[in-house]
């Protein structure tokens, strides 16, 4: 039987890969519609991209990250999770046998 923790880790990888695909798709759609990769916020305004770390009272973030840089980070994150998923699948095969 596969452990609950391993299942959680596998799910997290799949979830992150899907989120990366969705974000890239949304960015490409924004570029096609408006010529800008800025995504709409909850109020319908276009905002520059942000990269942040939610820690402490004042989370750390940088704003107006270039779309090209953001796509590189997203794709790298997706590749990392795909490699991790391959590794975790190996562990799952061992736990099953």
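The values are calculated or read from the model by the stated rules, or taken from the named source; none is laboratory data. Owing to the predicted nature of the structure, the values given are computational and were not obtained by experimental measurement. Glycine gets a Cβ as well: all are built from the backbone with ideal geometry, and neighbour counts include every protein chain shown.
The table below gives the values:
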read-out	value
Those residues of segment 42-75 which are in a helix (DSSP H, G or I) and closer than 28 Å to residue 11 by Cβ, in sequence order	70, 71, 72, 73, 74, 75
Test: residue in segment 3-25 that is loosely packed, with under 12 Cβ neighbours inside 10 Å, outside any helix (DSSP H, G or I) and in contact (Cβ under 8 Å) with a residue 24 or more places away in the chain	yes
Search result, residues across segment 66-81 that are exposed (fewer than 15 other Cβ atoms within 10 Å of the Cβ) and touching a helix residue (DSSP H, G or I) at 6+ places or on another chain (Cβ under 8 Å)	75
Residue check, residue 60 more than 30 Å from residue 4 (Cβ to Cβ) and either in contact with a helix residue (DSSP H, G or I) (Cβ under 8 Å, 6 or more places away or on another chain) or loosely packed, with under 11 Cβ neighbours inside 10 Å (or both)	yes
For residue 78: the one exception among (1) under 12 Å from the mean Cα position of the chain (by Cα); (2) touching a residue at least 24 places away in the same chain (Cβ under 8 Å); (3) outside any helix (DSSP H, G or I)	(3)
Matching residues in segment 27-60 - criterion: being touching a strand residue (DSSP E or B) at 6+ places or on another chain (Cβ under 6 Å) and at pLDDT 75 or above	30, 49, 50, 51, 52, 53, 59, 60
